[in-house]
1. Going residue by residue through the stretch 7-23, is there one that turns out to be surrounded by 15 or more Cβ atoms within 10 Å (Cβ to Cβ), among the hydrophobic types (A, V, I, L, M, F, W, C) and outside any helix (DSSP H, G or I)?
2. Would you pick out the residues in the stretch 87-115 that are within 27 Å of the chain's Cα centre (by Cα) and of a type outside the set (D, E, K, R)?
3. Name every residue in the stretch 40-61 that is surrounded by 13 or more Cβ atoms within 10 Å (Cβ to Cβ) and closer than 17 Å to I13 by Cα, in order of residue number.
4. Please tell me if A84 is more than 19 Å from A22 (Cβ to Cβ) and either at pLDDT below 80 or within 26 Å of the chain's Cα centre (by Cα) (or both).
Amino acid sequence: MSKKLYRVSNEGIIGGVCAGVARFLGVSPKLVRLIAVLFLFFGFFFITTVIYLILMYVLEDAPGHEASLHGKKPFKSVLNNAEAELQTSKKRLNEIERFVTSNAYDIEKQFRNLK
């Protein structure tokens, strides 16, 4: 199976070119972005900008299944999942606290000490 270079716009900051190149090379998108920014600042501003713009318009956007391979979840989704998990943990902690402070726990503890 040959790899194809795509833009990954749902992971991209500007056009998804760096994310697509990173996926194609099998490296972190942050690394490709860092290299691109270094090229911009160290004398290759014009050529880097031109290549980026050309790639942004020439490369196809990644198909749905390709776009979600590295896929980061949207921030709201992550936040909602974390909130739901926190609520579940809070309920469980309340149940444990209620049990530990109840008379049933003291009775069970006394029975365990008899053995």
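1. Just the residues of the stretch 7-23 that are surrounded by 15 or more Cβ atoms within 10 Å (Cβ to Cβ), to begin with: 7-12, 15-23.
Filter again for among the hydrophobic types (A, V, I, L, M, F, W, C), leaving 8, 17-19, 21-22.
Next, only the ones that are outside any helix (DSSP H, G or I) stay: 8.
Yes; the residues of the stretch 7-23 include at least one that is surrounded by 15 or more Cβ atoms within 10 Å (Cβ to Cβ), among the hydrophobic types (A, V, I, L, M, F, W, C) and outside any helix (DSSP H, G or I).
2. Across the stretch 87-115, the qualifying residues are Q87, T88, S89.
3. Matches in the stretch 40-61: L40, T48, T49, I51, Y52, L53, L55, M56, L59, D61.
4. Working: more than 19 Å from A22 (Cβ to Cβ): yes; either at pLDDT below 80 or within 26 Å of the chain's Cα centre (by Cα) (or both): yes.
Criteria met by A84.
Residue-by-condition table, conditions (1) modelled with pLDDT under 85; (2) under 23 Å from the mean Cα position of the chain (by Cα); (3) polar (S, T, N, Q):
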position: E11; (1), (2), (3): yes, yes, no
position: A22; (1), (2), (3): no, yes, no
position: L38; (1), (2), (3): no, no, no
position: F44; (1), (2), (3): no, no, no
position: A67; (1), (2), (3): yes, yes, no
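The values are calculated or read from the model by the stated rules, or taken from the named source; none is laboratory data. Fair warning: this is a prediction, and the values are worked out from it, not measured in the lab. Note that each Cβ is placed from the backbone with ideal geometry, even for glycine, and that neighbours are counted across all protein chains shown.
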